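Data first, discussion second: the structure below is written as structure tokens.
The values are calculated or read from the model by the stated rules, or taken from the named source; none is laboratory data. Quantities reported herein were computed from a predicted structural model and do not represent experimental measurements. Note that each Cβ is placed from the backbone with ideal geometry, even for glycine, and that neighbours are counted across all protein chains shown. The protein model used for the area step is the full one, side chains on, heavy atoms only, and it has no ligands, DNA or RNA in it. Shrake-Rupley method; radii C 1.70, N 1.55, O 1.52, S 1.80 Å.
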Amino acid sequence: MDFTKLFRRKVMKASKSHLVPVLNLIDLTFVGIGGIIGSGIFVLIGVVALRTGPSVVLSLLIAGIVTLLVALCYAEFASFVPAAGSAYAYTYISMGEFPAWLVGWNLVLEYTVGVAAIARGWAGYSVKLLHTFKPSLNTDWLETPIEGTPFSLSFISPAIIIILTLSSLFGVAESSLANIILCAIKISILFIVISAGFAVADEKNWTEEEYAPEGFEGILGGAATVIFAYFGFDGISTLSEEAINPSRDVPLAIIISCLFSTAVYIFTAAALTLMIPYTSINKNAPLSDAFSQRDMEWVSILIAFGAFTGITSALLVGILSQMRVWLSLAQDGLIPEIFAQVNEKYSTPHMAAIASGIFAAFFAGFLDLEALANLIAIGTLFAFSVVATSLLLLRYNFSLPSIGLLTGVWIASFCLNIVLRIDVPLIISIFFGLVLICFLFPFHFLPEFETGSNFKLPFGPLIPLCSVMANISTMCSLGFTVWIRFFIWIVVGLIIYFFYGIHHSKIDIENNNISSSSRLRLNKDRGDNESHKGLLSENDNNISSSSYQNGTGGQNESE
């Protein structure tokens, strides 16, 4: 096998898309808010609070910071790579096909399992809403645990996924309008919830209860569990091809939605843990049950309705995003081309939508929310780390020193986090800390390459490097079983790539077509004037640099 194929880089090009650009800054911002503020705030916040106590606020703050660091990296990428596929497309351009496939395969995991997890949360609040209007209604058959196993049957979760998947086939503009309406409702309700919660707050729930029952490790673990909810901002970048002005609006929408949503999460968690002792929090419906305990049933009913609309909007964003990841993989030939079909009437990837919807519905039918959340978290953090690494590789033009230093940062970060979590002499932790610093410091002396981005992060390599280290640290706080599941998912992805993807990849055809058209255009400009003999060679070099040509040493150009 030709191993150079593994790191073939995709040429960045402007091409005609079958997707229609109809989304503005407001649409994209609400896509981010709709994706982030969903089951995380209405359900997972209770799961994390039971573990971390009042320090859930710190868990959410850490998750927000980790997300914002990588969101800034996304913003720089999105300003000059307006393509569907988000992290997958960014990695393909910067690191090559095989790393891009690993990221793309993890995006499939994140969105598919993420949609399933959100649907589970939706089902829980739907049942509560039904009981509000008809307490005697028997709904036990809708959610049935399977005794002796970690699985539970759900009938309502797959149903809502199928319904929203079918509705998304009628166009992204219509879906965006529905999302804006749903977001407006849930944000209004959350503001009422936060205000009412602080009105009955009791500071004894923070001062007399143990603030961080599991210490900093518990706080970090809580951040890792909830971080998948913050991944909703990625939905903005998957819709880049449908944005009217992607180079301006996508970066702005990513940053605005992350900052706003993080603030809402923190204030909501603070209100919840100040209202009642964290040990009294209901795992399945934390917010509504907290107000019921304080004899404020009207707020409880309002929350159930807000959760119903809020989780629906998050579910809709997840469905819109997951089908476009499948579309990107199929367009590049890494999965069957049938998933690249776009409906001519509605300009939606209908085959990718149907397949991804069925896949997500299957997961939603058998796995509970907490199991799904932990499975998503590690894949999300891995994709975050690769995006930050990809940006650094682009900044330093894939030079050997930058590749070596980044490899060292990854290895040293993992080693440092592992030794900090086991009982070893302090000198060993200090040693790995110094090794990590030795890999970080030289970046400030490497010459940076101009990427041509309209939005560039300040402080040189500091933000992407901090993002890599923060993501790795959070990954290391996840349990051993989560790593085993992640490893199994990666192995399945490797089998698909080496038995199908690498043999059907379209990258060589695309890059050769671009190289040939560039050469013909340059020859036409040059004409027959022999005095410009060196022009073709010089311009070919410029094309190779500005387009981030594949990593095989320009072999496509020579072919």
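One table, with the values for the structure above:
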{"read-out": "Stretchable slack from D202 to S167, in nm (0.36 nm times residue separation minus alpha-carbon distance)", "value": "8.2 nm"}
{"read-out": "Shape category assigned to the range 361-507 from the gyration tensor of Cα positions, a/c cut at 1.5", "value": "oblate"}
{"read-out": "Simple spin-label estimate for E297 and H131 in nanometres, 7 Å along Cα-Cβ", "value": "1.4"}
{"read-out": "Positive minus negative residues near T29 (Lys, Arg vs Asp, Glu; Cβ under 15 Å)", "value": "-2"}
{"read-out": "Inter-probe distance in nm under a simple model that places probes 7 Å from Cα toward Cβ, at S188 and N343", "value": "3.0"}
{"read-out": "Cut-off under 5 Å, modelled amide H: who pairs with D202 long-range", "value": "M275"}
{"read-out": "Segment L426-I496, extension gain: residue separation times 0.36 nm, minus the distance between their alpha carbons", "value": "20.9 nm"}
{"read-out": "Gap separating the Cα centres of the range 37-99 and the range 202-267, nearest whole Å", "value": "7"}
{"read-out": "Residues whose placed amide H lies under 5 Å from that of L153, excluding near-sequence neighbours", "value": "T144, I146"}
{"read-out": "Karplus-derived 3J(HN,Hα), 6.51/-1.76/1.60, for each residue of the range 502-507, Hz, glycine and proline x", "value": "5, 8, 10, 4, 9, 5"}
{"read-out": "Shape call, the range 394-473: gyration tensor on alpha carbons, a/c limit 1.5", "value": "prolate"}
{"read-out": "Neighbour net charge for A355 - beta-carbon separation under 13 angstrom, K R +1, D E -1", "value": "0"}
{"read-out": "Cross-link pairs K345/K506; K345/K456; K186/K283 - those with Cα-Cα distance over 32 Å", "value": "K345/K456"}
{"read-out": "With DNA, RNA and ligands ignored, accessible area of R485 (1.4 Å probe; Å², nearest 10)", "value": "110"}
{"read-out": "Amide H contacts of L23 (H built 1.01 Å from N, under 5 Å, at least 5 apart or other chain)", "value": "A243, I244"}
{"read-out": "Global geometry of the range 193-305, whether rounded, prolate or oblate, following the gyration tensor of its Cα atoms and the 1.5 cut on a/c", "value": "prolate"}
